[in-house]
Each structure stands twice: as structure tokens, then as C-alpha cells.
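Written below as C-alpha cells is the structure these notes are about.
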Amino acid sequence: MLVIAALFTFGVVYIAETPLNLPGTWGDQRVLADMAAPAKSATADGAALFAANCVACHQATGLGVPGAFPPLAGSEYLNGKPDVTVQILLHGIKGSITVKGNTFNGEMPNFGAKFSDAEIAAVATHVRSQWGNKGVAIDTAAVAKGRDLTKAQTTPWNGGQDLEKYR
């Protein structure tokens, strides 16, 4: 009972003594600005973004899940023109797509609304340079151009059929 009474008394005194418009005198001395989220960096970590958003389907090995999710390792979509990779990440895919001779029929989410141009470029560059892929790096300007070019696209690409015009 004494501990509860002491905690209650402390709470009452703290609330009574702490001005609402100034930092707390008994706390850790932080103000609201100290607790704000840090500004986003201009550089993005493609490997970390891949691990957080893509690895569940495409696996850390880039081999995908047979019959369910296409491999990224050796993918003709990743090793071809950079525009294809950018468009897949921006808008996602829904429907049939053939990768390395195997057909997959599923859905990949879009990341255009979730990721900045720098983040899309970082992920695209990461997947185009891993698992034996030999695609060139993609910069932020290429992503911005791709985003602007397809800003009217509001649904995922219809499998590999829609992506052919970018290959």
C-alpha cells in the first residue's frame, strides 16, 4: 500500500508542477521536436528494403517459390531494360508472367505509392545486381521518368503481356 501511495503522490506532484508549454523538469528533458521522426535520407538501402518487403515471396536466394513466385535470379525482366524493373516495382503485376520458361500466375503488389523514387531505384539496383544478375544500376532520375510516363496507370500490369512494350 505504501508503494502505491508513493506512486500516486509522485504522479499528482509531477502533473501539478510540470508546465504544459515547457519541457518536463523531471523527465528526460526532451521536447516534441526531439521525438519527431528523423528526416528521410537521400540515399536508400536497397538490400534492407528488399529484405523488409520482397524476401517473403522472392526469397533471400532470389530463387522465388516454384509454382508460386517467380525467381529474380537470372530473370529476363531484371536483366533487360531498366524500364521494365522500374515499372514492375511502381505498379506491380497481376496475372500470368513467364520467367525463365516457367509460367507464374499471381499478384505482386505495387510499391509506387509506398516508396520514393530513391527507394525504388535502390531496390531495383539491388535486385539487378544480385544472384548473378548483370543489370545496370538504376538512378532516381530514371524512376522519376518512369513514374511520370505511366502516371495514368492505376492498376497493376496485366502480367508479362503489358510489360512487353517496355522490354
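The values are calculated or read from the model by the stated rules, or taken from the named source; none is laboratory data. Quick caveat: nothing in here was measured; it's all calculated off a predicted structure. Heads up, the Cβs are rebuilt from the backbone with ideal geometry, glycines too, and the neighbour counts pull from every protein chain shown. To get the accessible areas, we keep the full protein, side chains included, count just its heavy atoms, and leave off ligands, DNA and RNA. Shrake-Rupley method; radii C 1.70, N 1.55, O 1.52, S 1.80 Å.
Using the Karplus curve 6.51 cos²θ - 1.76 cosθ + 1.60 with θ = phi - 60°, work out ³J(HN,Hα) for each residue of region 98-106 in order, rounded to whole Hz, and write x for Gly and Pro.
Residue by residue, region 98-106 yields 9, 10, 6, x, 10, 9, 10, 10, x Hz.
Roughly speaking, what is the stretch gain from Glu17 to Thr43, that is 0.36 nm per residue apart minus the C-alpha to C-alpha distance, in nm to one decimal?
4.9 nm
Cut-off under 12 Å on the C-alpha distance; same-chain residues fewer than 8 positions from Lys81 excluded. Which aspartates and glutamates are left, in chain and number order?
Within reach: Glu164.
Below 12 angstrom from the Cβ of Ser96, what's the summed charge of the other residues (Lys, Arg +1; Asp, Glu -1)?
Within the 12 Å Cβ shell, the charges total -1.
Can you give me the long-range amide H partners of Gly106? Hydrogens built in the peptide plane at 1.01 Å from N, cutoff under 5 Å, separation of 5 or more residues or another chain.
For Gly106, whose amide H was placed from the backbone, the distant partners under 5 Å are Gly95, Ile97.
Report the net charge of residues surrounding Leu49, where surrounding means a beta-carbon distance below 12 angstrom and charges are Lys +1, Arg +1, Asp -1, Glu -1.
Around Leu49, the surrounding residues sum to -1.
Out of residues 5 or more away from Asn133 or on other chains, whose amide H comes under 5 Å of its own, with H placed 1.01 Å from N in the peptide plane?
Gly74
Among the trypsin sites (Lys or Arg not before Pro) within region 73-136, which fall in a DSSP loop and have no more than 14 other Cβ atoms within 10 Å of their own Cβ?
The qualifying sites are Lys100, Lys114, Lys134.
Mind ranking Lys145, Lys81 by accessible surface for me, highest first, 1.4 Å probe?
Largest accessible area first, the residues go Lys145, Lys81.
Measuring with a 1.4 Å probe in the full set of protein chains, what accessible area per residue, in whole Å², belongs to region 87-167?
That works out to 52 Å² per residue.
What number comes out for the charge environment of Ala141, summing +1 per Lys or Arg and -1 per Asp or Glu over other residues with Cβ under 12 Å away?
-1
Could you tell me what percent of the accessible area of the chain is made up of carbon and sulfur, with a 1.4 Å probe and every protein chain present?
With neighbouring chains kept in place, the figure for the chain is 62 percent.
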